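Only one structure is covered here, and it is reproduced in the block below.
The values are calculated or read from the model by the stated rules, or taken from the named source; none is laboratory data. Predicted model, so just to flag it, every value in this text is computed and none were measured. Ideal geometry is used to build each Cβ from the backbone, glycine not excepted, and the neighbour counts take in all protein chains shown. Just the protein is used for accessible areas: all its heavy atoms, side chains included, with ligands, DNA and RNA removed. Shrake-Rupley method; radii C 1.70, N 1.55, O 1.52, S 1.80 Å.
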Amino acid sequence: MSGASRIQTLSWHVPETVVTGAGAMKETGGLVQGVMKHPLVVTGPHLFRAGIIAPVLESLEESGIDHAVFHETESDPSIETVEKIRTMYEKNACDGLIAVGGGSVMDAAKAAAVLIGDGGRLQDYEGAGARKISPLKMILMAVPATAGTGSEVTPFAVISDHQRQVKMTVSSPFLIPEMVVLDPDLLKGVPVGLAAATGMDALIHALEAYVSLYGSFLSDGFAAQALEKIGHSLVKFVRTGDPEAAQDMLEGSFLAGCAFSLSRLGLVHALSHPLSAHYGIPHGTANALLLPAVIRFNQEAAGEKYRQAADLLGVKEQTDLADWIEELNRLLGIEMKWEIREEDLPVLVRDGLMSGNVQANPRLAEEKDAEDIYKTLIPA
């Protein structure tokens with residue numbers, strides 16, 4: 001835990017420009033004038049077909065900025081999609097990337113930026129001994145269309161390697177976008193299930209950062225603000241789409257991203273990635289389902305921090321935080337709909353404990369601990 005008894009050196013990287021508020025996406029053209037002459041806008045098929053990103057494209061056109069659009073980014077983007085973005089960028093002689101969408105879109109754009117600048121295969125930049133990532137050769141802008149991933153302010157990109165059935169992570173401070181636009185208008189019409197899953201993801205980012213062994217006064221400050229904003233707006237946003245709640249969720253997600261960029265995450269995220277890779281469980285949903293069991297496992301090591309977090313979230317006194325999270329999942333309609341096979345547990349445990357996030361968790365998890373947590377998702 002963070003404390004006064006140890007010396008810490010903090011390396012802090014943040015976007016240079018953040019524009020927030022309703023209608024902010026209409027400022028895109030003005031923001032990139034003089035910076036990009038021919039950007040590639042990266043987005044997803046639904047956002048493109050539904051015209052949700054039209055204000056961004058119109059803003060570019062009004063500013064006289066020619067652009068290309070890649071609109072094929074899927075949920076949990078693959079290495080193949082990243083390669084397609086690189087190809088389109090190079091074919092169109094683009095000079096900047098504008099990612100408009102959820103975490104999948106932003107992560108795909110970040111990963112493509114690495115390949116555009118440094119070449120090679122994405123796998124070359126993964127894990128220990130990875131090839132170093134150079135400063136990006138273009139400006140990267142992020143315009144999140146979900147409130148949850150925090151990818152607009154983090155140095156990570158998570159990409160699916162279907163051949164190995166894993167989610168791989170590439171990381172560099174150079175992957176933090178230089179420009180960020182937070183516009184609650186982009187969240188209008190977000191499906192309830194997606195709003196719930198991404199909202200829980202944001203909450204868990206803040207909570208895991210708050211109890212992280214690598215936490216500091218700086219990450220705690222960001223995490224505390226995020227917990228307060230998200231705790232008081234998540235249910236209202238999911239149920240009603242209220243604009244003020246949407247703004248709080250976007251800003252809470254941003255703050256949570258700042259927090260875990262400094263502190264790393266924990267056991268929830270370590271164990272959730274194999275569930276997504278092997279069963280296709282959406283990332284935020286997998287996190288939400290694992291969280292109660294992980295809180296109970298960590299309780300003996302992080303009880304005081306969890307009590308503080310519960311207060312920030314607005315949990316009533318004497319209410320168990322893990323029980324409160326289970327009730328919150330029910331309120332948000334998050335439930336276990338996938339069959340976890342016991343014969344898969346050794347692979348899930350192996351893959352989960354390979355994550356570097358295990359090291360930041362407040363309590364060391366052994367194989368048996370991870371297996372027991374996974375078993376809470378299997379009906380008795």
Exercise for review: Take segment 192-246 and flag every residue that is among the hydroxyl-bearing types (S, T, Y) and more than 14 Å from the chain's Cα centre (by Cα).
Suggested key: Y210, S212, Y214, S216, S219, S233, T240
Check your understanding: How do the helices (runs of 4 or more DSSP H) wholly within segment 201-298 filter down when requiring 2 or more residues that are touching a residue at least 12 places away in the same chain (Cβ under 8 Å), within 28 Å of D161 (Cβ to Cβ) and open to solvent by 10 Å² or more (accessible area, probe 1.4 Å): which remain?
Key -> 243-263, 267-279
**Study point:** E343 being open to solvent by less than 100 Å² (accessible area, probe 1.4 Å) and without any contact (Cβ under 8 Å) to a residue 40 or more places away in the chain
**Key:** no
Study note, to complete from the structure: Here the residues within segment 160-175 that are in a loop (DSSP other than H, G, I, E, B) and open to solvent by 20 Å² or more (accessible area, probe 1.4 Å) are H162, Q163, R164, Q165
Exercise for review: Pick out, from segment 1-93, the strands (runs of 3 or more DSSP E) lying fully within it that include 1 or more residues that are in contact with an Asp or Glu (Cβ under 7 Å, 6 or more places away or on another chain) and open to solvent by 20 Å² or more (accessible area, probe 1.4 Å).
Suggested key: 17-20
Exercise for review: State whether one or more residues within segment 186-193 are without any contact (Cβ under 8 Å) to a residue 24 or more places away in the chain and either closer than 22 Å to G241 by Cβ or out of contact with any Ser or Thr (no Cβ under 8 Å at 6 or more places or on another chain) (or both).
Suggested key: yes
Practice item. Could you run through segment 145-159 and say how many residues are open to solvent by 10 Å² or more (accessible area, probe 1.4 Å) and either more than 14 Å from the chain's Cα centre (by Cα) or of a type in the set (G, A, S) (or both)? Key: 0
**Study point:** Where a residue in segment 4-23 is hydrophobic (A, V, I, L, M, F, W, C) and its partner, wherever it lies, is open to solvent by 80 Å² or more (accessible area, probe 1.4 Å) and not in a loop (DSSP other than H, G, I, E, B), with Cβ under 8 Å and at least six apart
**Key:** V19/E27; A22/P243
Check your understanding: Are any of the residues in segment 300-315 open to solvent by 60 Å² or more (accessible area, probe 1.4 Å), farther than 18 Å from L194 by Cα and under 14 Å from the mean Cα position of the chain (by Cα)?
Key -> no
